[in-house]
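The values are calculated or read from the model by the stated rules, or taken from the named source; none is laboratory data. None of these values were measured; they are calculated from a predicted model. Because the Cβ atoms are built from the backbone with ideal geometry, glycine has one as well, and the counts that use them run over all protein chains shown. Surface accessibility is based on the protein's heavy atoms, side chains included, excluding ligands, DNA and RNA. Shrake-Rupley method; radii C 1.70, N 1.55, O 1.52, S 1.80 Å.
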Amino acid sequence: MLEAAKQQKSDSVNSNNSINSSNHDDEHQQRRQVLGGSTTSTSYDLAQFEPVRILNNNSTHKSVSLLGHFGNLSRDKFAIIVLEKTAFTEAQLRNYSVVTKAAVTQTATTSSESESENSSTTAEVVVAAERSVFSSKSHLRTEFINDIYGNFLCVTDPEVNQLKVTIIYPATEKHISKYSAHARFLLEETADDYRSVTLPHLEQEQLSLEWLYNILEHRKEKDRIVYEDPSDEVGFILLPDLKWDGKTLEQLYLLALVRPKGIKSLRDLTTAHLPLLRNIREGGIKAIKERYGISSDHLRIYVHYQPSFYHLHVHFTYLKHDPPGIHCEKSHLLTTIIENLELVPDYYQRVTLSCVLSETDKLYAKLKAAKENADEDQPKVKRTKIE
């Protein structure tokens with residue numbers, strides 16, 4: 001019955017053409033809603049979520065995107081829930097016996113203090129130790145044992161087995177498309193392609209950047225700022241990306257949002273922007289070192305092309321972490337960008353750039369059509385038989 005109900009809801013999704021459209025960037029409209037930027041306050045109860053269908057099940061990143069409704073909110077509005085398994089932290093891997101022993105030792109060496117104070121100290125450490133994978137709250141279920149090898153499933157304390165949950169509500173067609181699995185294609189965008197196809201597309205399909213200006217002007221997310229340079233020419237704000245919880249150091253992911261407006265992407269950069277780029281690199285590295293203790297040789301600093309939104313921003317990620325979008329077809333290291341501009345002032349207005357686009361992306365259809373037309377316009381070579 002559950003499967004039949006899900007199928008019925010799935011059919012209604014496919015036939016529903018009245019999903020509200022949006023002029024806001026999908027991922028960053030979500031930022032406003034999740035972080036308090038929406039005009040209304042919504043309380044979410046997962047027990048009220050009614051799944052319609054799975055949009056994407058990513059085994060590599062251990063995440064799943066679901067489309068459905070919150071029954072207690074509205075059956076006419078769609079919601080998307082993204083569930084992602086979190087990475088292990090060092091605290092979750094502490095050994096129970098070692099920590100408890102440390103607590104007992106501390107108690108013994110502070111005998112001059114009151115007995116009640118000693119007991120309190122020991123109890124606190126033991127409780128902290130129990131929130132570990134290696135504690136009495138973890139239970140192994142044997143799958144098989146063969147000689148020295150064994151495979152098990154482990155049921156652990158929920159405190160060390162949490163999920164990162166992202167909710168987009170109400171979800172538009174654009175959100176549904178973004179979080180659905182689609183075929184993707186690698187395209188080579190020439191400088192002419194950018195001027196004749198991509199740039200006009202961006203001007204026609206320009207998405208709202210109000211959420212970003214809210215951050216730059218301290219109207220929203222002020223408490224999340226890690227570092228800020230207020231200069232109008234070379235300044236930027238560094239803050240955690242939505243993909244990072246801001247706590248799990250092993251998954252560190254920050255964004256540097258530039259203060260100057262009008263720099264859409266890598267394509268706009270010239271030698272005139274070198275002071276800005278150098279300031280982002282040096283200021284970001286220093287801030288991360290001071291705040292998180294991670295040195296520059298453990299950081300991956302890069303720019304995306306095509307980006308998810310068209311206001312220049314720089315990604316800072318931990319080298320130990322492999323988030324989406326770090327591969328060569330999309331990412332350009334900041335040091336390489338700086339060196340290219342030092343060699344050729346208008347390098348990115350002249351070079352061909354690779355980009356990965358979804359089959360549902362309007363830009364993909366336009367670039368593909370332009371290339372097909374260009375191939376048809378090429379003069380055909382006549383073959384001459386040689387006697």
Next item on the list: Only Lys, Arg, Asp and Glu count, each charged at its Cβ (+1, +1, -1, -1), so figure out the dipole size of segment 258-387 about its Cα centre, rounded to 20 debye.
Entry: 200
Next item on the list: List the pair-distance distribution P(r) of segment 251-332, using every Cα-Cα distance, as the percent of pairs falling in each 10 Å bin from 0 up to the bin containing the longest distance, rounded to whole percents.
Entry: 17, 51, 30, 2
Note to self: Lysine pairs in segment 262-363 with Cα distance under 21 Å, only those 8 or more apart or on different chains: how many are there?
What the structure shows: 6
Note to self: So, taking all protein chains as they sit and a 1.4 Å probe, how much accessible area belongs to Glu282, in Å² rounded to tens?
What the structure shows: 110
Notebook entry, point to check: How many Å² of accessible area per residue for segment 150-218, probe 1.4 Å?
Noted result: 53
Item checked: Cβ-based net charge around Asn340, under 12 Å, with every Lys or Arg adding one and every Asp or Glu removing one -> -2
Margin query: Below 15 angstrom from the Cβ of Arg267, what's the summed charge of the other residues (Lys, Arg +1; Asp, Glu -1)?
Written below: -3
Note to self: Rounded to the nearest percent, how much of the accessible area of segment 210-308 (1.4 Å probe, protein heavy atoms only) is carbon and sulfur?
What the structure shows: 47
Notebook entry, point to check: Sorted by accessible area with a 1.4 angstrom probe, largest first, how do His315, His298 fall?
Noted result: His298, His315
